[in-house]
Every structure is written in structure tokens, then in C-alpha cells.
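None of the figures in this text is laboratory data; all of them are computed from the coordinates on show. Treat the numbers as computed from the prediction; the structure is a model and nothing was measured. Using ideal geometry, Cβ is built from the backbone for each residue, glycine included, and neighbour counts are taken over all protein chains shown.
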Amino acid sequence: MASIQKFEDLICWQKARLLANFVFDITDEPKFRDVDLKRQIRRAAVSPMSNIAEGFCRGTQAEFVDAFFIAKGEVGEVQSQLYLAYDRQYIDISKFREGLQLADECARLVHSFSEKVKGGARRGLQFKHVSKPDDSKDLIKQYAPEAYKRMYGEG
């Protein structure tokens, strides 16, 4: 499995980007008259992709996972605000459903990836495991070659 080198490669970030662009598109419509709701839903929509990127660029697993929890919460905020936009008739039912589906996919991907990060071996640069040389291995090889061969299978 190839390791991910940049946050843009994360599917959850890509989906969060689609969600943000979707929100900007619906709020650009003249029908979306509430300036305060427009500002709020746009800020909430930009936040998941920003938090995923920020978490990815942090040095520790804990910070990465924390950023994912924040991102998922912001997706929930977008979902809630889509309800209000629909209730106020700023968006029609098809845009409402499309937005909820995008947000749901985004939340699921963020959650899934955060679970993988929590269970993964990569804990951040501070926790990188560096093996120390095993001096006893050389001693066994020098003074007990038969035991060394049984233990390490080398000659």
C-alpha cells in the first residue's frame, strides 16, 4: 500500500472540497438572501477541508485525530444549516438532498479515516521507532555460532 504524501491525496479531503464548493454554489444563487446564514454555512463548509489539511500537516497522531473530530463536527454544522436553507426556501429539495448526501459521505470518510489513523502504526515524527543495534547478536555470533544459527538462521 502506498503511503499518502500530501493531504490532497486523502479522499476525505477531496470530498470535503466538493462539499465546500457545493455550498459556495448554492449560496451564490440570488434566491439565497440571508447574508448571515450565507456567511455561517460557508465558514462551516470550508472548515472540514481546512482541518483535514491542518491535521495532516501536524506532527502527531493525536493532533491528526483531533483535527478529524473537528472536521466531522463542522460537516454536521453544514448539514444542520442545509435544513434551515431548505426550510427558508433558499434551496430546493434536489439541492437539499444533494447537499445532505455530500455531507453524509464526507462525514463517513472523515470518520473512517480517523479510525484508521487511531489504529495505525504511524504515530507522528516524535514517536518514530528507531531500532537500536543489538550488541548481543554480535556476541552470540562470535562466541556461540551454533546458537546464533538456530536463533537467526544465518551463518
Open item on the list: Relative contact order of the stretch 1-55, please, whole-number percent, based on alpha carbon pairs below 8 angstrom and at least 6 residues apart.
Closed with: 47
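Can you give me the relative contact order of the chain as a percent, contacts being Cα pairs under 8 Å and 6 or more apart?
Worked out over the chain, it gives 24 percent.
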- [ ] Determine, from the Cβ-Cβ distance of residue 36 and residue 69 and an R0 of 30 Å, the FRET efficiency 1/(1 + (r/R0)^6), rounded to the nearest 0.05.
- [x] 0.70
TODO: Considering the options 23, 55, 145, tell which one lies farthest towards the positive end of the dipole of the chain, charges being +1 on Lys and Arg and -1 on Asp and Glu at the Cβ, about the Cα centre.
DONE: 145
Task: Residue-span extension gain [residue 8 to residue 104] - 0.36 nm each, minus C-alpha spacing - done: 32.6 nm
